[in-house]
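Notes follow the structure.
The values are calculated or read from the model by the stated rules, or taken from the named source; none is laboratory data. The structure presented is a predicted model; accordingly, all values stated were derived computationally and were not measured. For neighbour counting, all protein chains shown are included, and Cβ atoms are generated from backbone atoms with ideal geometry for every residue, glycine included. Protein only, heavy atoms only, side chains kept; ligands, DNA and RNA dropped before computing areas. Shrake-Rupley method; radii C 1.70, N 1.55, O 1.52, S 1.80 Å.
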Amino acid sequence: MTERCQGDTRPRTGPRARTAIVLAAAALLAATSAAFLPGTASAGTTLGASAAEKGRYFGTAVAASRLSDGNYTTILNREFNSVTPENEMKIDATEPQQGRFSYGAAEQIVNHARSRGMSVRGHTLAWHSQQPSWMESMSGSALRSAMLNHVTQVATHFRGQVVAWDVVNEAFEDGTSGARRNSNLQRTGNDWIEAAFRAARAADPNAKLCYNDYNTDNWTHAKTQAVYNMVRDFKARGVPIDCVGFQSHFNNDSPYVSNYRTTLSSFAALGVDVQVTELDIQGAPAATYRSVVEDCLAVARCNGVTVWGIRDSDSWRASQTPLLFNSSGQKKAAYDAVLAALNNGTTPTDPPTTPPTTPPTTPPSGSCTATLQDSTRWGDRFNSQVTVSGASNWTVVVAVTPPQKVSNTWNGTPTWDSSGNVMTMRSNGSGTVFGFTTMANGTWTRPVVRSCTAS
Ligand code: 9MR
């Protein structure tokens with residue numbers, strides 16, 4: 001079934017001016033040089049923290065216009081550790097007139113997310129849809145240049161703030177042809193996709209670069225196979241692609257299928273990460289939501305799941321009530337199923353990595369004792385768990401070794417020194433165990449507990 005973006009009559013979100021809140025958030029970001037500011041959600045009880053314990057993220061699409069809705073932001077801040085701007089980074093939003101860029105609404109979301117420890121998926125740099133009118137009417141080499149300039153400018157602007165970009169979105173035809181979609185971008189030449197990826201890599205070498213599409217979930221479909229063949233070709237020829245996004249808008253015409261896991265694992269076997277990028281399911285059946293999450297957790301290179309909105313009323317398909325929260329913001333059965341899947345999820349089997357190079361540490365003195373233990377390890381990161389005894393209200397200082405970075409924490413409230421390498425974790429009430437994920441960045445030294453203080 002074909003997505004009908006054109007048929008969606010809800011107003012698009014336009015660029016907005018920065019607010020005082022944004023400036024405050026930016027100042028907070030500037031004051032801490034940490035690449036990540038981990039959130040404070042509790043593992044086992046929220047989607048983001050439970051996903052983090054499995055080395056994944058759980059994200060949502062966010063509309064800047066809804067950030068003033070307290071019910072919306074309460075759920076966003078409590079449950080999610082990744083966001084994707086729903087419309088604010090699209091071409092019509094960021095370059096409404098040629099050469100005049102507009103980032104206000106996108107920055108509002110980026111600052112909201114990053115100041116709360118959530119990562120940002122960028123969506124999207126090159127797409128046949130939601131082009132500004134000046135681009136819609138272009139063709140040939142002029143369009144190719146304009147598209148590449150757009151990719152370069154936007155990816156450069158958000159360099160270091162966006163962990164993954166949907167560089168190209170929805171470039172393949174539906175149906176059985178397996179052909180590229182006939183768009184103005186496609187008519188500039190079949191190499192437009194790889195040209196976009198190369199421009200994005202040059203602009204932001206550290207962002208993961210994804211191809212993103214819908215109706216690519218069923219492994220047997222021609223469109224899925226066509227995207228697979230493109231990714232395989234890109235990997236063979238050294239085109240810089242790191243990940244593939246599966247939108248996964250499931251409904252009665254385009255249902256979830258049991259070979260979804262095969263699709264995810266087959267793409268991952270090409271040497272790319274896979275991500276579920278826009279999940280919604282007509283009627284929000286709990287069992288189907290659970291299956292999608294279990295499928296992601298079963299594939300080591302499936303980094304995370306993003307749902308396309310928070311409450312049913314936030315959805316582009318609101319009448320299908322496809323999301324995890326009802327329009328009042330209450331958790332639906334599908335929410336419980338997703339949380340259970342995240343908490344029961346198996347640990348993926350990644351290639352073994354070098355073990356930490358220092359023994360476990362317990363600080364010799366202090367008014368309480370904090371003992372750090374290794375837990376799950378992946379190819380690029382590892383989790384640690386710290387158990388505190390001797391105090392119920394405690395403050396524990398932990399240091400990681402540069403260039404390591406802590407990317408997520410749970411069951412405590414962290415603050416950071418100016419280097420971003422020393423974390424001061426304070427208890428959330430009476431819990432005695434907290435945890436965190438460390439991005440190794442090539443260094444596998446075990447983090448060190450420096451002190452434990454009763455407070
Ligand atoms: O959710 C988005 C909606 O608000 C817009 O009106 C629509 C128009 O393009 O785009 C929606 O998001 C789409 C996403 O960017 C790409 N995949 C399909 C999504 C649903 O249409």
Please list, in chain and number order, the residues 5+ apart from residue 251 or on another chain whose amide H is under 5 Å from its amide H, with Hs placed from the backbone.
256, 282
Efficiency of FRET between residue 399 and residue 73 - r from beta-carbon atoms, R0 35 angstrom, step 0.05:
0.60
Dipole of the chain (Lys/Arg Cβ +1, Asp/Glu Cβ -1, origin at the Cα centre): which of 447, 87, 142 lies farthest to the positive side?
447
Neighbours of residue 46 by Cβ distance under 14 Å: Lys/Arg at +1, Asp/Glu at -1, summed charge +2
Evaluated at 4 °C with a viscosity of 1.567 mPa s, what Stokes-Einstein diffusion coefficient in µm²/s does the stretch 396-455 have when Rh comes from the Kirkwood expression over alpha-carbon pairs?
109 µm²/s
So, by mean Cβ neighbours within 10 angstrom, what's the order for 271-279, 331-339 with the highest one leading?
271-279, 331-339
For the stretch 83-127, with every protein chain kept in place, what is the accessible area per residue (1.4 Å probe, Å²)?
23 Å²
Would you mind checking which residues have amide H under 5 Å from residue 406's amide H? H placed 1.01 Å from N; only 5 or more apart, or other chain.
439
Sequence-separation-based contact order of the stretch 96-226, relative, with Cα cut under 8 Å and 6+ spacing, percent
28 percent
Please figure out what share of the DSSP beta bridges in the stretch 149-248 is antiparallel and state it in percent, rounded to the nearest 5.
10 percent
So in the chain, what percent of DSSP beta bridges are antiparallel if you round to the nearest 5?
50 percent
Tell me, what % of the accessible area of the chain is carbon and sulfur with a 1.4 angstrom probe?
50 percent
Could you tell me which residue out of 438, 389, 122 lies farthest along the dipole of the chain toward its positive end? Charges go on the beta carbon: Lys and Arg +1, Asp and Glu -1, centred on the Cα centre.
389
If amide H atoms are built 1.01 Å from N in the plane of the peptide, which residues on other chains or at least 5 residues away come under 5 Å of the amide H of residue 60?
82, 83, 84, 307
Pop out the ³J(HN,Hα) list for the stretch 55-61 in order, Karplus 6.51 cos²θ - 1.76 cosθ + 1.60 with θ = phi - 60°, rounded to Hz; leave Gly and Pro as x.
x, 10, 10, 10, x, 9, 5
Using the Karplus curve 6.51 cos²θ - 1.76 cosθ + 1.60 with θ = phi - 60°, work out ³J(HN,Hα) for each residue of the stretch 105-121 in order, rounded to whole Hz, and write x for Gly and Pro.
5, 5, 5, 4, 6, 4, 5, 4, 5, 5, 6, 10, x, 8, 8, 10, 9
Listed residue (169, 334, 399) projecting farthest to the positive dipole end of the chain, Cβ model:
399
So, by mean Cβ neighbours within 10 angstrom, what's the order for 166-172, 150-156 with the highest one leading?
166-172, 150-156
When the Kirkwood radius is taken over all Cα pairs of the chain, what Stokes-Einstein diffusion coefficient follows at 4 °C and 1.567 mPa s, in µm²/s?
57 µm²/s
Total charge dipole magnitude, the chain, about the Cα centre, Cβ charges on Lys, Arg, Asp, Glu only, Debye to nearest 20:
720 debye
Computed FRET value (nearest 0.05) for residue 417 with residue 336, which takes r as the C-beta separation and R₀ as 35 Å
0.35
Enumerate the calculated ³J(HN,Hα) couplings along the stretch 80-88 in order (Karplus 6.51 cos²θ - 1.76 cosθ + 1.60, θ = phi - 60°), each rounded to whole Hz, writing x wherever the residue is Gly or Pro.
10, 10, 8, 9, 10, x, 5, 9, 6
Note to self, the chain gives a 222 nm [θ] from helices alone (DSSP H runs n ≥ 4, -39500 (n - 2.57) apiece, / all residues, nearest 500) of -8500 deg cm²/dmol
Below 29 Å, Cα to Cα, which lysines can residue 223 reach? Residues fewer than 8 away in the same chain don't count.
90, 208, 235
Scoring the stretch 202-286 by relative contact order with C-alpha pairs under 8 Å, at least six apart, yields a percentage of 34 percent
Let me have the relative contact order for the chain, percent, based on Cα pairs under 8 Å that are six or more residues apart.
16 percent
